[in-house]
């Protein structure tokens, strides 16, 4: 999979055959991996299994392994990139993008391969190599359109952020080596908690940058918005989860920590989910909106991890199972519906040539299938029954309501407050996605751009249909997918705390029945309505606009005005910018209003800080002479200093 | 089985009575005769017999709005216990489904409003989703309090717990969430002081503005579903109120219906003595509900 894209270079730059070969290779790689995952899920292939070879790289072994936890995270890696590759055949045709189609194919394949390696790496150095390969491949895949200034800026911010994260990870693995004596990633239950706590913080910071948890999310909206859509889908649906995987794995390796570990994750998760979706509502760029919603979903996953972590510290097996199963299922679910929504947005952009929601509208008339698929994704991402998002949030709620039953005062009952944060997130998500559905697909067309809208071709449609099928399937029959998650939770939690069968005791059957009942009720009502309509007659007329005769499409409530009431509620967090010209006199001139929600952290904190540092750091340039021997001299000096320091320490 | 049949019958037949009682109460306050008590039944029956008009901009979402709303409300109604009987659908975690079914209804109602492309309906939809962002957390705070009191994670035991396990210690939290839930009830069923269903200006409405374009059976379904929602959420409020009433042990089947009617009278009274709040002041009221429920929770786990 990793090298599938390289074969593209064997073909001419405009060759559709080359692109197809790349997609077929991706699919073959994915199919092999997927069958492995499924074999392990059904129990035919006993886990864990490992492979360990000495390697010529000093201090590092080529150690890879597969266990229940890795298998859960591998599944999206093998599904979404392969679907995206086929989508890409139509979305990013070699014939229309001869300059960068091959580069995109190569980077895209490398990204998928590196992610798979991240999940199975069992050696710290190998992990870091895979991690860096993943980060760089994502950079090259996301910045294929590097002739645009905006893309270069987004790519630059991404590169800085991802390396800030990697820096923390370097420190983490150095500390790990110091504490355990090797780079091998094997559980170290004997480590004192005082040593483990700083390692946990380092892991949380390092992986938090990749996952896009709230204060460290700055790279995410820009990078997702400017990448080709199938790359955005993979970045959001799979790559962010590598950060989650890192946190889960690091915590599994470290000894059982204090309660505040889980508390920290719960707080960060709550900030990310409420903040992420609140920012999403303020966006008018369709892909930035989806990117912010990814932050929200990662926050929801972090809430589940926080619950599991608190449960591990407080010996509560039910919290561990519900929290971790909820979080891991949401990892899958987010891959499904966010993949679907990004691919859908990509098809929109492909047809209309714009990412601005304010100029869309009424597209459902021209592309009813796209609207149907979008509606499935939107209902699923709002965590509404009967689709898959509801199941994972239901598990999390079950966990939080368990927490409220804890006897006595203290920090443990406070865990249940996360349920309130989750409820608020749910309501905000409905606001956000109703707005998006309404503005893009419903109503009347707002501009000429909409006239170019058409249904996408089969290559773009089918990946979306498969993802939507996944959303519906998991929603109606959640019991079918719980076994691998339970195995992962059992492996992650401490033996004796997590009892087998805890998940099977949950009333998934009732949940399925209720969802089926809902669908049946709605279908029956629709049928009755249809019959009444045929009997009594349905007339078609213009929209009732309260007696005003000359309505135009521009008078519709726009996405900004719809979002404005929510943005106003959360203005203490969002700091929206509003510019309007004042109305003067009895017959005022044409006036305009513009509302914008910039990223508070990036635009008001990080970039000003960088600009300020720009003023002071040039003074350090005297050290940069541009002559090689000067740099070698620096190395010599530093080594001598280190030698002296080490010598002084050993005495 | 008999309990379930009675539950379904009440859920299907009683709802339109409540808006009728409210209208009668308001008429009494104003010194008028008012429409007959059963007027909502006549209205709905009339709507269901008619044909309807759809806007040329609309898609299937426009029809899905009322259909999904009624289906979701009906299913949610099967999960709340009326009186002391068990609800027909009860399982661990049903309260999350209960709350999210209303979310589903909101999703489709507001989408159907946007489907028409009318500015007024967009305005109504924007208000609806905004206010829900505050009332939904308040509802979950109240659920947390009830879960703490009952030690259960299912609506039937949770809503029976205030009566069954009543003690002086839980009275204060119960009163606080009662106030919060009552405000949520007013907001979710679009009553004064949050929304005025009888105003003549579409600009100032929430729910009625969203359904301007629905007519005939579609509108009938919407009226019916709204009344049913009032019954379901009203039941929620009553179950918390019951322990404070004299003779709480005898409040079974028929008497519970009397209580529902009394609640409708109370809502009618509130509507008669208050004016609708300014739109920008509504969030304060809902934040108030959130705080009431939150303080109830804190009192309980302190």
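Looking at the protein assembly as shown, the DSSP beta bridges with both ends there are about 70 percent antiparallel. As a proxy for reagent exposure, ranking B:115, A:318, A:123, A:356 by other Cβ atoms within 10 Å from fewest up yields A:356, A:318, A:123, B:115. Principal-axis analysis of the Cα atoms of chain A puts helix A:124-142 at an angle of about 30° to the longest axis.
For a modelled paramagnetic label at residue A:14, 7 Å from Cα along Cα-to-Cβ, the residues of the range A:88-132 in reach, with backbone nitrogen under 16 Å, are A:93-102.
What FRET efficiency do you get for residue B:265 and residue A:611 if R0 is 60 Å and r is their Cβ-Cβ distance, rounded to the nearest 0.05? Using R0 = 60 Å, I get an efficiency of 0.40.
Scoring A:230-239, A:468-477 by mean Cβ neighbours within 10 Å over their residues and listing the highest first yields A:230-239, A:468-477. Counting Cβ atoms of other protein chains within 10 Å of each Cβ in A:556-563 and taking the mean gives 5.
When B:301, A:638, B:149 are sorted by how many other C-beta atoms sit within 10 angstrom of their C-beta, beginning with the fewest, the order is A:638, B:301, B:149. Going from the fewest other Cβ atoms within 10 Å to the most, the residues A:550, A:249, A:510 appear in the order A:550, A:510, A:249.
Please sort B:205-214, A:362-371, A:191-200 by packing, taking for each peptide the average over its residues of neighbouring beta carbons within 10 angstrom, highest first.
Values: B:205-214: 24.1, A:362-371: 20.0, A:191-200: 16.1.
With the highest mean Cβ count within 10 Å placed first, the list reads B:205-214, A:362-371, A:191-200.
Relative to the longest principal axis of the Cα atoms of chain A, the long axis of helix A:607-616 lies at roughly 40 degrees. In chain A, the DSSP-assigned H stretches of four residues or longer account for a calculated mean residue ellipticity at 222 nm of -22000 deg cm²/dmol, using -39500 (n - 2.57) per stretch and the full residue count as denominator.
Would you calculate, for chain B, the mean residue ellipticity at 222 nm contributed by helices, counting each DSSP H stretch of 4 or more residues as -39,500 (n - 2.57) and dividing by all residues, to the nearest 500? Don't skip to the end; give the middle numbers.
Details: 12 runs with 211 residues, N = 302.
That calculation yields -23500 deg cm²/dmol at 222 nm.
Both radii come from the Cα set of chain A: Rg as radius of gyration, Rh as Kirkwood radius; their ratio Rg/Rh reads 0.99.
For the range A:195-209 versus the range A:343-373, the spacing of their alpha-carbon centroids is 41 Å.
The alpha-carbon atoms of the range A:80-143 define a convex hull whose volume equals 64 cubic angstrom per residue. Between 0 and 90 degrees, the angle of helix B:17-30 with respect to the longest Cα principal axis of chain B falls at about 80 degrees. Peptide B:283-293 is shielded by partner chain Cβ atoms: per residue, an average of 1 of them sit within 10 Å of its Cβ. Spatially, the range A:98-130 and the range A:465-489 are offset by 27 Å when compared through their Cα centroids. With the highest mean first, a sort of the peptides A:202-215, A:93-106, B:25-38, B:254-267 on other beta-carbon atoms found within 10 angstrom per residue produces A:202-215, A:93-106, B:254-267, B:25-38. The range A:218-263 and the range B:73-102 have their alpha-carbon centroids 36 Å apart. Over all Cα atoms in the range A:578-651, the spread is summed up by Rg and Dmax: 27.4, 88 Å.
Note on A:442-452: average number of Cβ atoms from other chains within 10 Å of each residue's Cβ is 3.
Bear in mind these aren't lab numbers, they're just calculated from the coordinates by the rules spelled out. Keep in mind it's a predicted model, so treat the numbers as computed, not measured. FYI the Cβ positions are ideal-geometry reconstructions off the backbone, even for glycines, and counts take in every protein chain you see.
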